[in-house]
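Down below is the structure, laid out as structure tokens.
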Protein chains: 2
Amino acid sequence: MITTVTLNPAVDRSYIINDFKPDNKYRVNDVTVTVGGKGINVAKTASILGEKINATGFLGGLSGDYIKRELVKLGISTSFVSIKGESRNFTAIIDPINKTETTVNEEGPFVTKSELTTFIKEYIKILKYSKIIIASGSVPKGVPKTIYRDMVKIAKDNKVIPIIDASGKYLEEAIKAKPYMIKPNIQELRDLVGYGLKNEFEIVHESRYICKQGVELVVISLGSEGAIFATQEKVFKVKTPNIKLVNAVGSGDALVAGIATAMIRNYCLEEMLKYSVACGTANALEKEIGYVDRKKVEQLYNKVELLRLV
Amino acid sequence: MITTVTLNPAVDRSYIINDFKPDNKYRVNDVTVTVGGKGINVAKTASILGEKINATGFLGGLSGDYIKRELVKLGISTSFVSIKGESRNFTAIIDPINKTETTVNEEGPFVTKSELTTFIKEYIKILKYSKIIIASGSVPKGVPKTIYRDMVKIAKDNKVIPIIDASGKYLEEAIKAKPYMIKPNIQELRDLVGYGLKNEFEIVHESRYICKQGVELVVISLGSEGAIFATQEKVFKVKTPNIKLVNAVGSGDALVAGIATAMIRNYCLEEMLKYSVACGTANALEKEIGYVDRKKVEQLYNKVELLRLV
């Protein structure tokens, strides 16, 4: 069982509006409503790939009810902690004419101390039947900066493999507890190391430095360029096959879902890297965030180029 | 009991975003979520004015659940028909720097024939304990153009006073059944009569013409200018007191709520007109749509100027 943790899930609403400009009144019929938040994207993709998934985190209010209901529809089991606050809404306005994407992201609810305590108890229970725990994305107000570090520690104490996809202080703290894997993008790595990172050499250097601190696998996502995968012994650059991009949002989450799925299936390192990039790429072929076509994943797998750097 | 009918209610979300521009990513904490739709605004205002209100129409999905829950919180009894579709969402982005207001209004759900039949049955039941029926606002897909006409006819057959605040074909049809009152704004009156309406004389002429077709009271709302009230015998121009405007959205609905409240309380025509304009004006003093301060309504009442035109 793979468990995904989404501390700050969202209801995502996407509107297609031609020639979108401020101060206008728009009446739209092209609206897509989905459940979102990075951990939930991971859960969706890994579930489509055929894995048994449990999703946890915090859910509140009617947005929370909606998220839970949709996950159950997708065959994902849920063990979210109910909170008094309302789960956040995320609105995207896509303008196909001017090729703009305007997003309005609510900060999300406040989580109380007692809700946090309930979550940690629930988390410890979940670990008993999980092989991998993936915690992704932003953290709601009220939750301490050390949350992911604590979760990594508890997971390792319970022999569960922790994967963290976070940024800023949350990532910095998480690394101290030595998660199995982290997946910052270039900007998140820059924030972490505190300087510009001008070339591949510097990215590799910093990734290996994180590995030396005890993270087994450091994945630096490079968007359409693919990703750099670093372990203590080996570093690979994995190049994405050329595709006709539809929507790249969620591709990093699909990559993480691919890694976890590959681990459950005991793929070797090289197979795991190729498979995860195939998953990320397959997601970019789809309009829906977190959706992949399994057949396309298999086709793409054979087109992923693995380049050993170290 | 006053019953308000909202066939296409909404969840309204307002975001305050400084210097809002397309193609940016905004993270917001200033969000106001309320229940909306013209009929629901009327229900809110009339309820605050102290009347017993029942709200009906169609509600669907989790947005529908939210609307119902909020109305119950406000002490409004509800008898909505549940539909399979999802009630619509309305998003407003207010930019205080550039003084713009950008709105994205979903079209709303599709109503099936059997849901419509259920509504009409429910409507007939509701009429038994209603004195006034107010049907306001847009109509969801699947509902025929004659809906308000049918509702007016059924109301009159049951000795219930029908008030219609609609536009376009829906209003045109409704007039054929002779509702007690209609309340188009200037643009809606133009659409109805099919020409420009350059001056007050033409507005009065057309309003009286509608009265001659059997509508007792025709109210033409003129925004901050007030309103023109026409009956078969008399025509008044009612001028809004000077105020420091906060948010004029919903003022027309508050005016309708004022009319219905005045009718329940057996005010004479002149009192009714002054009271309704005081309600509309009081609403424009508040940030929240559909909210009025009763004390302010009373204060404004004495400042409303009644000018007899005919």
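The values are calculated or read from the model by the stated rules, or taken from the named source; none is laboratory data. Given the structure is predicted, the values throughout are model-derived calculations rather than measurements. Glycine gets a Cβ as well: all are built from the backbone with ideal geometry, and neighbour counts include every protein chain shown.
Worth pointing out:
- Residues in region B:236-266 that are in contact with a strand residue (DSSP E or B) (Cβ under 7 Å, 6 or more places away or on another chain) and among the hydrophobic types (A, V, I, L, M, F, W, C): B:236, B:238, B:255, B:256, B:259, B:260, B:263, B:264.
- Region B:100-132: number of residues that are surrounded by 15 or more Cβ atoms within 10 Å (Cβ to Cβ), assigned to a loop (DSSP other than H, G, I, E, B) and away from every other protein chain (no Cβ under 14 Å): 3
- Residues in region A:71-97 that are over 22 Å from residue A:135 (Cα atoms) and in contact with a Pro (Cβ under 7 Å, 6 or more places away or on another chain): A:95 alone.
- Residue B:77 being surrounded by fewer than 19 Cβ atoms within 10 Å (Cβ to Cβ), away from every other protein chain (no Cβ under 14 Å) and within 30 Å of residue B:287 (Cβ to Cβ): yes
- Looking only at residues of region A:172-230 that are under 15 Å from the mean Cα position of the chain (by Cα) and either at positive phi or of a type in the set (D, E, K, R) (or both), we find that the one that is surrounded by the most Cβ atoms within 10 Å (Cβ to Cβ) is A:183.
So that you can scan it fast, the table gives a plain yes or no per residue for (1) among the hydrophobic types (A, V, I, L, M, F, W, C); (2) crowded, with 22+ Cβ neighbours inside 10 Å; (3) in contact (Cβ under 8 Å) with a residue 12 or more places away in the chain; (4) within 14 Å of chain B (Cβ to nearest Cβ):
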{"residue": "A:22", "(1), (2), (3), (4)": "no, no, no, yes"}
{"residue": "A:29", "(1), (2), (3), (4)": "no, no, no, yes"}
{"residue": "A:48", "(1), (2), (3), (4)": "yes, yes, yes, no"}
{"residue": "A:59", "(1), (2), (3), (4)": "yes, yes, yes, yes"}
{"residue": "A:63", "(1), (2), (3), (4)": "no, yes, yes, yes"}
{"residue": "A:98", "(1), (2), (3), (4)": "no, no, yes, yes"}
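- In summary, residue A:135 fulfils each of the numbered conditions (1) touching an Asp or Glu at 6+ places or on another chain (Cβ under 9 Å); (2) part of a helix (DSSP H, G or I); (3) surrounded by 23 or more Cβ atoms within 10 Å (Cβ to Cβ) with the single exception of condition (2).
- Applying the condition of being crowded, with 17+ Cβ neighbours inside 10 Å and not hydrophobic (A, V, I, L, M, F, W, C) to region B:240-261 and asking which residue is modelled with the lowest pLDDT yields B:247.
- Test: residue in region A:167-182 that is in contact with a Leu (Cβ under 9 Å, 6 or more places away or on another chain), among the aliphatic types (A, V, I, L, M), part of a helix (DSSP H, G or I) and away from every other protein chain (no Cβ under 14 Å): yes
- Region B:80-91 - residue that is more than 11 Å from every other protein chain (Cβ to nearest Cβ) and assigned to a strand (DSSP E or B) and, of those, surrounded by the most Cβ atoms within 10 Å (Cβ to Cβ): B:83
- Of the residues making up region B:71-96, those that are over 19 Å from the mean Cα position of the chain (by Cα) and in contact (Cβ under 8 Å) with a residue 60 or more places away in the chain number 4.
- Region A:262-283, residues that are surrounded by 19 or more Cβ atoms within 10 Å (Cβ to Cβ) and touching a residue at least 60 places away in the same chain (Cβ under 8 Å): A:263, A:279, A:283
- When region B:27-57 is filtered for residues that are over 24 Å from residue B:128 (Cβ atoms), in contact with a Lys or Arg (Cβ under 7 Å, 6 or more places away or on another chain) and not in a helix (DSSP H, G or I), the ones remaining, listed by number, are B:31, B:33.
- Residues that are at pLDDT 95 or above and touching a strand residue (DSSP E or B) at 6+ places or on another chain (Cβ under 7 Å) within region B:73-86 comprise B:76, B:77, B:78, B:79, B:80, B:81, B:82, B:83, B:84, listed in sequence order.
- Residues in region B:293-309 that are in a loop (DSSP other than H, G, I, E, B) and under 17 Å from residue B:226 (Cα atoms): B:302, B:303, B:304, B:309.
- Residue ID - nearest to the other protein chains (Cβ to nearest Cβ), chosen from residues in region B:31-46 that are of a type in the set (A, V, I, L, M) and under 30 Å from residue B:263 (Cβ atoms): B:35
- Residue A:94 meets each of the listed conditions (1) in a loop (DSSP other than H, G, I, E, B); (2) surrounded by fewer than 23 Cβ atoms within 10 Å (Cβ to Cβ); (3) within 13 Å of chain B (Cβ to nearest Cβ) apart from (1).
- The single condition from (1) more than 19 Å from residue B:253 (Cα to Cα); (2) more than 14 Å from chain A (Cβ to nearest Cβ); (3) surrounded by fewer than 21 Cβ atoms within 10 Å (Cβ to Cβ) that residue B:161 fails is (1).
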